Amino acid sequence: MLEIKNVHKSFGKNKVLNGVDLKIDKGDVVVILGPSGSGKTTLLRCINFLEKADQGQAIFGDIQVDLHKATRKQIHAIRQKTAFVFQNYNLFNNKTALENVTEGLIIGRKIPKEKANEIGKKALDKVGLSHKYNAYPSELSGGQQQRVGIARAIALNPDIILFDEPTSALDPELVGEVLTVMKQIAKEGTTMLVVTHEMSFAKDVANRVIFMDGGVIVEEGSPKEIFTHPKEERTKQFLKRVI
Ligand code: ADP
């Protein structure tokens, strides 16, 4: 469904991605693990054109693009197929939960407001926020705000949802409710690419785990392979530190 080839990205002299290849099939839940600064977020952002890669190809269903030279039309086409869940939720503070969810449907997808509201409410129901349609972000806990972020992604009905450390800004007691929602949508067959430090999520929910370090994929495999039989020394050292 999604294939990424040979992605390179530097910020000035800092080479952050150094030739990353990745293939994701429909229904895959792929977790990317790795030390801070290893390029995980940048990879996700390059896939969605939130950053422009220096080099690389993406094949997305029937669309093939050069990640460095994609046209506006190609970027638009790929964004129609993807949704992004941000670490810091990225909600509009002056809009209600429902308005945050429907904004992309109305503006980006040109769906009439009434229909968008119907889709938006269903998405908020799914993440357990049927009682918060009209609440503003400031009236919601971090966990609830992130669930609005996930509802916004679901409402777009994308082929894949990209999650960028979705629980790392949350107080520990709020992490569980967000992971529960992510587990639920994974179970329903949503294709997901998830950067996270939540090892339990990687172990229990992912069907593939990727370990990145220094801008490259060091090792990948099933959760069992990575957590119980890591092959590479760098993976072993990382797991020793975090588990
Ligand atoms: P990870 O997600 O694995 O923690 P990141 O992709 O966030 O890693 O960052 C990798 C490196 O790229 C870090 O050294 C970070 O400081 C740098 N970096 C990320 N985004 C930017 C940016 N917009 N400008 C400059 N440097 C950046």
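Quick check on Asn14: is it near the ligand (Cβ under 9 Å from one of its atoms) and over 16 Å from the mean Cα position of the chain (by Cα)? Spelling it out, Asn14 is indeed near the ligand (Cβ under 9 Å from one of its atoms) and over 16 Å from the mean Cα position of the chain (by Cα).
Looking at segment 217-243, which of the residues that are among the acidic types (Asp, Glu) and part of a helix (DSSP H, G or I) is farthest from Asp28 (Cα to Cα)? This residue is Glu233.
All of Leu98, Leu22 fail the test of being more than 16 Å from the ligand (Cβ to nearest atom) and either part of a helix (DSSP H, G or I) or not polar (S, T, N, Q) (or both), apart from Leu98. Being among the small types (Gly, Ala, Ser) and touching a residue at least 24 places away in the same chain (Cβ under 8 Å) is the requirement here; does Ala83 meet it? For Ala83, the condition - among the small types (Gly, Ala, Ser) and touching a residue at least 24 places away in the same chain (Cβ under 8 Å) - is met. Would you confirm whether or not segment 34-53 contains a residue that is in contact with a strand residue (DSSP E or B) (Cβ under 8 Å, 6 or more places away or on another chain), surrounded by fewer than 22 Cβ atoms within 10 Å (Cβ to Cβ) and part of a strand (DSSP E or B)? No; the residues of segment 34-53 include none that is in contact with a strand residue (DSSP E or B) (Cβ under 8 Å, 6 or more places away or on another chain), surrounded by fewer than 22 Cβ atoms within 10 Å (Cβ to Cβ) and part of a strand (DSSP E or B). Every listed requirement among (1) part of a strand (DSSP E or B); (2) surrounded by fewer than 19 Cβ atoms within 10 Å (Cβ to Cβ) is met by Lys110 save one, (1). For segment 54-91, the tally of residues that are on the phi < 0 side of the Ramachandran plot, surrounded by 15 or more Cβ atoms within 10 Å (Cβ to Cβ) and part of a loop (DSSP other than H, G, I, E, B) stands at 7.
No value in this document is a laboratory result; all are computed from the given coordinates. In this text, all values refer to a predicted model and were calculated from it rather than measured experimentally. Cβ atoms come from the backbone with ideal geometry, glycine included; neighbour counts cover every protein chain shown.
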